[in-house]
Amino acid sequence: MRQNEVIVSRTLFSTLLIILLTMFSSCSENRETKNTEVVTKETPGATPKTQTKKKIAYIVTDGRIPFWAIMGRGVQRSADSLGYELDIYSAENSAKKELELTVKAIKDEVSGIIVSPSTSSACVTILKLAKGANIPVVISDIGTDSGEYVSYISSNNREGAYEIGRLLAKKMVDLGWNNGRVGIVAIPQKRLNGQARTAGFMQAMDEAKIKGADIKQLVIWSEEETYNFCREMIESYPDLRAIWLQTSNGYNGALRAIAQSGKQDTILLMAFDAEPEFLDLIPKGILAGSAMQQPYLMGEEALKAMDRYLSGKDVQKSIQLPILSISTENIAEKLPTIKRDVLGI
Amino acid sequence: MEFKYNAHERSLYVTLGIIIVLTVTIIMSIHTTFSYLHTKNKILQEIKQSSKETVVSLQKNVTNLIKSYSINEYDKLIFNAMQRKDNFAIIVEDYNMGKILGEKSFFSGKIRDAQWNIVDYDSKNSEHGRALKKCYYSDKYEIISDTGSHLGTISIYISDNVMNEELNKIIIGSVINLFAISLLLILSLFITIRFFVLKPLSDIIEVIKNHDDDGIPVDLIPTHGSKEIFLLSSTMNHMIISIKNSRVAFKEQKSAMHYQANHDALTGLANRILFNERLEQSMMKAKNKSSKVALFFIDLDHFKGINDSLGHDVGDKILKVVTQRLSKIIQKKDALARLGGDEFAIIVEDLRHGQDASLLANKIVKLLAQPITIDEHVLYISSSIGISIYPNDGISSGNLIKYADAAMYKAKDEGRNNFQYYSSEMTELAFERVVMDTSLREALKNEDFIVYYQPQVNGESGEITGMEALVRWKHPTMGLVPPSKFIPLAEETGMIIQLDQYVMRCGMKQMVQWHNQKLKHGVLALNLAIKQLNQKDFIPMLKRMFEETKCKPEWIELEVTEGQIMTNPDEAIKILKQINEMGIKLAVDDFGTGYSSLSYLKRLPIDKLKIDQSFIRDLPDDEEDAAITKAVIALSKSLNLRVIAEGVETQEQKEFLVQNGCKHIQGYLYAKPMTASEMGEILKNGFIS
């Protein structure tokens, strides 16, 4: 379902991505790696750089989507720095192709596979095939329903949602709107990341004693759907003071609904993840803030985990990377990190 | 009587228990077995149905998932389908994925391991392959897309492990149920039997145990309980009551039988058995008291003739009258018994002298000589009494009876109507009598008798008019025995009938012989005992005899004594008429010695009167005999009867008779009885002087 989020902003983001790709060839060392405590253990004789480069395959569900493209660059960056030959395979949103690429990687006798699967279910088959060939797999985002893998790199959705919730609450208190309500346009709650995001955000609301309005779940992920949800909440709850979108997808619909209601000054809009436009909207206060995942960082960490495994070192089974809580107040400060780790530019 | 049961005999409770336990166990086992088999089949059907449904359901979903290369998705579906424990493995053969892998097929699915956990199926794992082969049941379905292309197959494998577990549970459950139900049933049946069958039976046994010496329960059996027990108890009570009543009846019957066994049914007097006991007791008492006991043996004179002529009814009535008379005459302490027939006995106790019995004996003789009237018949019966004395004559009851019996015969010999004391000589006479009886029977058998003939003569002309046949016994050792020695005995024993018939046949044959010799034989007089007349077939017998001998009836004259006719004159008249109708002449023998009634005499179909020799003997000097003789001759003339005198021995007698109108003479004057040949010689002359 991550794929759906990304596809929506694909056109806008891809143009920017191509320009930025050439401008930044290295990444900043100043990266937040909270909750990624990795056990490093030197293995005698095991050096990442050998005479013949080990080949790593990165299979990504759809490299045409910026989020995955940024993550791919993160993987590439680490491969380069650690001396691995990396083949990036984009399945282009095809389950068949994803499997064909997996089989191809196996036949190429790669040393390891990093996969950002189309679905956690599809990942199970990939893991099964790789296991059959005795090839280690690191999963970067999405996750798997089951199967054996080296490490799973993901974002801490609950923590990120909690932080953005606290940020919103503080703003509402500062504005004296803490008696108002907050509505949520949520991603499907059957997804683990959706549940984590809602739970983290609600915790922050409860702590600030801010009342909730409706929670409406996206079904078709369109801007129109977001617009309608927001409009309904605005009409239903006169004391509505904020709307939190659990995705960056369709943020324009929300902005349009608020604008049409004439409550631009009385309703705050918060989001999740990032769009390049956010770098403009947040400083202007049109968008109060957003919790931003770091795909580039995830890609880097994925390959590093694979490297540690291949080097015979212990690898943490689950590595959760922090989500950046960006608001009007700190966007300037966090901008380099946003550009590199979030937007990959 | 105590009945001891054998230790090997089971009680009803145990027997019923065994039957109940076996029956319930067998029934429940059969039921459980059928239930088990039924359940097994049902489970099998369910498993197959379920597997089919599972696969069909999977088939639809898996088709799309194969098409969309969602291997893990159909693995999930398979995993869910595998939650049914009887599914051992579900394997999808994916042609699409096979193509990706460069192989014919890709196998994916779930299988159970040894711990029955669901694990991924590995087609290269030989363990998995072997496990699949062991499966109880498997089924395979093609997976075909909407467009008709073959996407793969789906196979389901069913293990019987779960089924066996299930069946084992069923078996255990059934066995527990079997035990529980059986136990419940058995307990119920035991309790039911205990309370409704055995308890009542025990109560019955308790009551039956309390029985008297004869084994009959003292109390009645309680009748509560079921219908059958009630019926049993009621029936047993009925039996007990019946037995008790029967016992009372039996005692009464026994008493009656004892009475009957010891008493004479007709007269109610003691019979010979009781008489013997009483005699023993009397002897014992007499011995203790040093007194004497007289035993009277009383025999009625001519009773047999009365019985034969008038019938037993009359005879019985006579016996009753005699009993009454004797009962009145004896003292209370004396014992009266009827020993049989016309024989009575009396025990007279406390006598000082043997001769003291004479007084009573005289009384009895006189008393019984008085006429007895029965059904308009006036009958004259006398008695002959023999007396033996204890201890003078004997000290045993047997001897006393025997001696009294001998004395009685002595009295008979003395002319009846008297009593005689026993004397030792009588024993010899009695013995002689016994010997005579035996010899007489032998003689009849050997035809040792000879018929003698005594001529009957016309006293005026000396012409022989006939003769009387008289029998003589030619004894092999004793020589000729006179009739007085054996005729009374023959009459008593009934042998007189055979003897008379013998004489008649011989006489008739002889008459025919004389006739054939052209001799003038006249009429042959034959003596006819009244017993002959009482024989039902006498007339036919007589006719046969005439036919056999070819003798003519007109040659024969039958003589019947006056006394015999008068015992039952009506019957005698009836038979004599029949004889007369045959053409046979009839004569009244010994006329004048009996009590002939003139009215009867008139009615008798007789031709002749024969004056008894007792009247002839003292003629012509005895006036009384002369008067009687004349009267008889006059009577015969008035009745238009011929008259003959017998026992004529002197010329004076003959002349007296002839002068007075009795010209037919028989006696020694003319001839003694003689043999047939002698008689034949006389007949040749036709006259005798």
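The values are calculated or read from the model by the stated rules, or taken from the named source; none is laboratory data. None of these values were measured; they are calculated from a predicted model. Positions of Cβ are backbone-derived with ideal geometry, glycine not excepted, and every protein chain shown enters the neighbour counts. Note: areas computed on protein heavy atoms with side chains; ligands, DNA, RNA excluded. Shrake-Rupley method; radii C 1.70, N 1.55, O 1.52, S 1.80 Å.
Across chain B, Cα-Cα pairs more than 38 Å apart make up 65 percent of the total.
Once Rh is set to the Kirkwood radius over Cα pairs, what Stokes-Einstein translational diffusion coefficient, in µm²/s, holds for the stretch B:436-685 at a temperature of 4 °C and a viscosity of 1.567 mPa s? Taking Rh from Cα pairs, D becomes 70 µm²/s. For the listed peptides B:302-314, B:244-256, B:62-74, B:42-54, a ranking on the average number of other beta carbons within 10 Å per residue, highest first, reads B:62-74, B:302-314, B:42-54, B:244-256. The protection proxy used here, the mean number of other Cβ atoms lying within 10 Å of each residue, ranks peptides B:338-346, A:54-62, B:19-27, B:443-451 as follows, highest first: A:54-62, B:338-346, B:443-451, B:19-27.
For the peptide A:98-104, the mean number of other protein chain Cβ atoms found within 10 angstrom of a residue's Cβ is 3.
Global dimensions of the stretch B:263-422 from alpha-carbon coordinates: Rg and Dmax equal 15.0, 50 Å. Quick check: Cα centre of the stretch B:11-50 to Cα centre of the stretch B:636-656, how many Å? If we compute the Cα centre of each part, the gap is 123 Å. Gyration tensor analysis over the Cα atoms of the stretch B:355-421 returns equivalent ellipsoid semi-axes of 27, 12, 10 Å (largest first, whole Å). Using the Kirkwood radius over Cα pairs, work out the Stokes-Einstein diffusion coefficient for the stretch A:251-345 at 4 °C and 1.567 mPa s, in µm²/s as a whole number. Roughly 86 µm²/s, to the nearest whole number. Put B:Lys412, B:Lys134 in order of accessible area, highest first, and with a 1.4 Å probe you get B:Lys134, B:Lys412. Which residue fluctuates the most in chain A, going by a Gaussian network model with Cα springs under 10 Å, if the choices are A:Glu163, A:Glu224, A:Glu275? Its mean-square fluctuation being the largest, the pick is A:Glu224. Under a model in which nothing but the beta-carbon of Lys, Arg (+1) and Asp, Glu (-1) is charged, chain A shows a dipole of about 400 debye around its Cα centre. Taken over the stretch A:244-284, the convex hull of the Cα atoms encloses 65 Å³ per residue. Under 5 Å from the amide H of A:Lys54 lie the amide H atoms of A:Glu85, each residue being 5 or more positions distant or on a separate chain, with H modelled from the backbone and absent for Pro and chain starts.
Each peptide in A:247-260, B:115-128 receives the mean, over its residues, of other Cβ atoms within 10 Å, and ordering these scores from highest gives A:247-260, B:115-128. The relative contact order of chain B, computed from alpha carbon pairs under 8 Å that lie at least 6 residues apart in sequence, is 7 percent.
Counting charges near A:Glu100 (Lys, Arg +1; Asp, Glu -1) among other residues having Cβ under 12 Å from its Cβ returns a value of +3. Is the shape of the stretch A:157-292 rounded, prolate or oblate, going by the alpha carbon gyration tensor and its root eigenvalues a ≥ b ≥ c, with a/c under 1.5 for rounded and a/b larger than b/c for prolate? Cα axes put the stretch A:157-292 in the rounded bin. Kindly provide log₁₀ I(q)/I(0) values, in the same order as q = 0.10, 0.13, 0.16 Å⁻¹, from the Debye equation applied to equal alpha-carbon scatterers of chain A. At q = 0.10, 0.13, 0.16 Å⁻¹ the computed log10 ratios are -0.59, -0.95, -1.32. Report the local net charge at B:Asp570: Lys and Arg +1, Asp and Glu -1, summed over other residues whose C-beta lies under 13 Å from its C-beta. Result for the neighbourhood of B:Asp570: 0.
Counting Cβ atoms of other protein chains within 10 Å of each residue's Cβ and taking the mean over peptide A:112-123 gives 2.
Rg then Dmax, both in Å and based on the Cα atoms of the protein assembly as shown: 79.1, 219. Neighbours of B:Ser138, meaning other residues whose beta-carbon lies under 13 angstrom from its beta-carbon, give a summed charge of +2 when Lys and Arg score +1 and Asp and Glu score -1.
Taking only alpha carbon atoms, the stretch B:15-167 gives an Rg to Rh ratio of 1.20, where Rh is the Kirkwood radius. Mean per-residue shielding of peptide B:448-457 is 0, counting Cβ atoms of other chains within 10 Å of each Cβ.
Between the C-alpha center of the stretch A:252-320 and that of the stretch B:97-162 there is a gap of 44 Å. Residues whose amide H comes within less than 5 Å of that of A:Ile267, counting only those at least five positions distant or on another chain, are absent (H built at 1.01 Å from N in the peptide plane).
Centroid-to-centroid, using Cα positions, the stretch B:272-345 and the stretch B:237-262 are 31 Å apart. Each 10 Å bin from zero holds the following percent of Cα-Cα pairs in the stretch A:64-202: 11, 33, 28, 16, 9, 3, 0. At 222 nm, what helix-only mean residue ellipticity would chain B give, in deg cm²/dmol to the nearest 500, using -39500 (n - 2.57) for each DSSP H run of four or more? Only helices count here, giving -18000 deg cm²/dmol.
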